[in-house]
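Enquirer: Sharing a structure below in structure tokens format, with a few things to ask.
The values are calculated or read from the model by the stated rules, or taken from the named source; none is laboratory data. All figures in this text were calculated on a predicted structure; none of them were measured in a lab. Here the Cβ positions follow ideal geometry from the backbone for every residue, glycine too, while neighbour counts run over all protein chains shown.
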Amino acid sequence: MAYASFHQNPETPVRQREITDGGLSQGKALAKIYGYMGIGLLLTGVVAFFGAWLFSSQINKWLAAGLDNYSAVGTWFYILIGSWIVSLIAILVLSFVIPVRAARSGKSLWVPYILYCFFMGVLLTTVLLAGIPFWMIGEAFGLTCLAFGAMFAIGWFTKKDISILSYIAMLLLFGVLITALAGMITFLIRGATADQRFWFDVAIQGAMILVIMLITAVDTWRIKRIIANAGESENIYLYGAYVMYADFIALLLRILLLIARMQGRK
């Protein structure tokens, strides 16, 4: 990971005391990271809502014009699918570019960070176009803020090495994947009732949420160490915002999926 590429300098002991003792440096770091993360989330939200509105309004416009315009509707679907594919590829590329640039380059991370948030917004148009109601998105966002805030606090304010949580998260993730695969094979061979499939899915989603929460705590702890060891700079704050942003989005989507699943059963 990128944090391993940051090297300690002679000022490290002073910076570490500032970070761990909750001095001015810690408050500045928190404000910067959360501020930049907020900018990314706002950009993603605006892009997702605008993209969903643009697509749905154009589709409704063509459909209202008559049946002869179904070819135009198909064109818009191809554009939408193409934008998702491009965005997915871009996000995968940027997820490698950002850590490398943060660790090895003096170039600013603003452009790749903004692009990452923009393309994530394009991908998230699927959530709105799927017909998920706004109240459900709001509920998922609120729960995500609570869960994320709790794990961020654990990772940021603890003075102990909590890297062991990353190994626990990986073992849990491996167990979830094996369980999910075994469950699907069992259901295909033996069949399952609707209740069995429902509770199995809820258990898998709950376990995935726990995995992401553990990773969030570890990522926070590692970011604090990066700031302590490498010093404070705009790129380090942006890198921290990028990591926290990615964890937040992953947690939000899992919680939203769980809420939608629970609501669908009702």
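Enquirer: When both residues are 6+ apart or on different chains and their Cβ atoms are under 8 Å apart, which pairs have a first residue that lies in segment 51-68 and is β-branched (V, I, T), and a second that is assigned to a helix (DSSP H, G or I) and at pLDDT 70 or above?
Expert: As it stands, the answer is I59/W76, since those pairs meet every condition given.
Enquirer: Another question about this same structure. Being touching a Lys or Arg at 6+ places or on another chain (Cβ under 8 Å) and either modelled with pLDDT of 85 or more or of a type in the set (F, W, Y) (or both) is the requirement here; does L109 meet it?
Expert: yes
Enquirer: Also, quick follow-up: Going through segment 249-261 one residue at a time, which ones are buried (at least 22 other Cβ atoms within 10 Å of the Cβ) and closer than 15 Å to D219 by Cβ?
Expert: L251, the sole residue that qualifies.
Enquirer: Still on this structure: Quick check on this structure: which one of A260, A194, A246 is of a type outside the set (S, T, N, Q) and within 21 Å of S166 (Cα to Cα)?
Expert: Only one candidate passes the filter, namely A246.
Enquirer: Is there a residue being crowded, with 17+ Cβ neighbours inside 10 Å and closer than 30 Å to W53 by Cα anywhere in segment 182-205?
Expert: Yes, that holds for at least one residue.
Enquirer: Still on this structure: Got at least one residue in segment 182-196 being without any contact (Cβ under 8 Å) to a residue 40 or more places away in the chain, assigned to a helix (DSSP H, G or I) and among the charged types (D, E, K, R)?
Expert: yes
Enquirer: With respect to the numbered conditions (1) modelled with pLDDT of 85 or more; (2) farther than 23 Å from W110 by Cβ, which one is the sole condition not fulfilled by A192?
Expert: Every listed condition holds for A192 apart from (1).
Enquirer: While we're looking at this one, here's another question. Among (1) under 14 Å from I215 (Cβ atoms); (2) surrounded by 14 or more Cβ atoms within 10 Å (Cβ to Cβ), which single condition is F141 missing?
Expert: Among (1) under 14 Å from I215 (Cβ atoms); (2) surrounded by 14 or more Cβ atoms within 10 Å (Cβ to Cβ), F141 violates only (1).
Enquirer: Would you mind finding the one in A48, A52 that is at negative phi, modelled with pLDDT of 80 or more and in contact with a Gly (Cβ under 7 Å, 6 or more places away or on another chain)?
Expert: A48
Enquirer: While we're here: Scan segment 91-110 for residues that are in a helix (DSSP H, G or I) and surrounded by 13 or more Cβ atoms within 10 Å (Cβ to Cβ) and jot them down.
Expert: Answer for segment 91-110, where residues must be in a helix (DSSP H, G or I) and surrounded by 13 or more Cβ atoms within 10 Å (Cβ to Cβ): I91, V93, L94, S95, V97, I98, P99, R101, A102, A103, W110.
Enquirer: To continue, here is another question. Consider segment 138-161. How many of its residues are among the basic types (K, R) and in contact with a helix residue (DSSP H, G or I) (Cβ under 8 Å, 6 or more places away or on another chain)?
Expert: Of the residues in that region, 1 qualify.
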